[in-house]
Amino acid sequence: MTDPQAAVPRPHIVGIGGTTRAGSSTERLVRAVLAECEGLGARTSMFPGPELLAMPHYNPDDPERSEGQRAMVAAVREAQGFVIGTPGYHGSVSGLVKNAIDLIEDTRTDPRVYLDGCPVGQIVSAAGWQATGVTLSALRDIIHSLRGWPTPIGIALNSMVQRPFDAAGELVDEGLATATRLQAAQIMAHVSGTRLHRDAEALAARA
Ligand SMILES: Cc1cc2nc3c(=O)[nH]c(=O)nc-3n(C[C@H](O)[C@H](O)[C@H](O)COP(=O)(O)O)c2cc1C
């Protein structure tokens, strides 16, 4: 008997974010959610802070794109879900991460515009609860403007009071580990629901 699931491609979940520092807490938390998504059957790609740093300022009037910019836009185009992570800088999303988000404008005339219909997990790291809260809210507004669906679970790390990773880089904070699992489950459930919906629509169109 053939397995009906065998032909179903693994969903592609793309992570974007971090600070200029490789292995920042923001980047590690994005990677932690991606790892949970992989455990639920996804394949993943990551665009961490240092790679975002190598990207020029987004210029909609200049069609020239760097290799890194082209790679990110290609990944965005064929992804079904996202995790975006940012530090809180002066009460909002950092310029580094916003520059990468602005690059998604290159998909404005695609059949699937921006992040349309895709679940998007959010990660924020800041040196205080006030900045984590307002930055998470700002990031959700940005995701809405890109037609994405922010997951109900947003993850906030207060780097002044939480030390979530051990020396080996393992996520050892129980609460944050639970949040990464829940966020990944919400991303993957949304992707499955969207796929079922599209399959049902395709069947109905053929009937
Ligand atoms: C330019 C700049 C602006 C910042 N602004 C804020 C801020 O407004 N509020 C805050 O709580 N932390 C602020 N921070 C601290 C970072 O959000 C904090 O260190 C964060 O945990 C860094 O994330 P990382 O561990 O991923 O590097 C700022 C840091 C920098 C470098």
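A compact table of results
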| quantity | calculated |
| --- | --- |
| Any hit, the range 114-126, residues being surrounded by fewer than 18 Cβ atoms within 10 Å (Cβ to Cβ) and either more than 16 Å from the ligand (Cβ to nearest atom) or within 16 Å of the chain's Cα centre (by Cα) (or both) | yes |
| Selection within the range 156-207 - more than 28 Å from Thr19 (Cα to Cα), exposed (fewer than 11 other Cβ atoms within 10 Å of the Cβ) and not basic (Lys, Arg) | Leu196, Ala200, Glu201, Ala202, Leu203, Ala204, Ala205, Ala207 |
| Set Ala74, Ala54, Ala42: member being away from the ligand (no atom under 16 Å from the Cβ), open to solvent by less than 40 Å² (accessible area, probe 1.4 Å) and at negative phi | Ala42 |
| Conditions (1) open to solvent by less than 60 Å² (accessible area, probe 1.4 Å); (2) on the phi > 0 side of the Ramachandran plot; (3) not aliphatic (A, V, I, L, M): number failed by His90 | (1) |
| Subset tally (residues that are within 16 Å of the ligand (Cβ to nearest atom), farther than 15 Å from Val93 by Cβ and of a type outside the set (A, V, I, L, M, F, W, C)) for the range 131-162 | 3 |
| Lone qualifier among Leu29, Leu52, Leu34 - being of a type in the set (A, V, I, L, M) and more than 24 Å from Thr107 (Cα to Cα) | Leu29 |
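The values are calculated or read from the model by the stated rules, or taken from the named source; none is laboratory data. What you see is a predicted model; the values in this text were computed from it and never measured. Ideal geometry is used to build each Cβ from the backbone, glycine not excepted, and the neighbour counts take in all protein chains shown. Side chains are part of the model used for accessible areas, which takes the heavy atoms of the whole protein and leaves out ligands, DNA and RNA. Shrake-Rupley method; radii C 1.70, N 1.55, O 1.52, S 1.80 Å.
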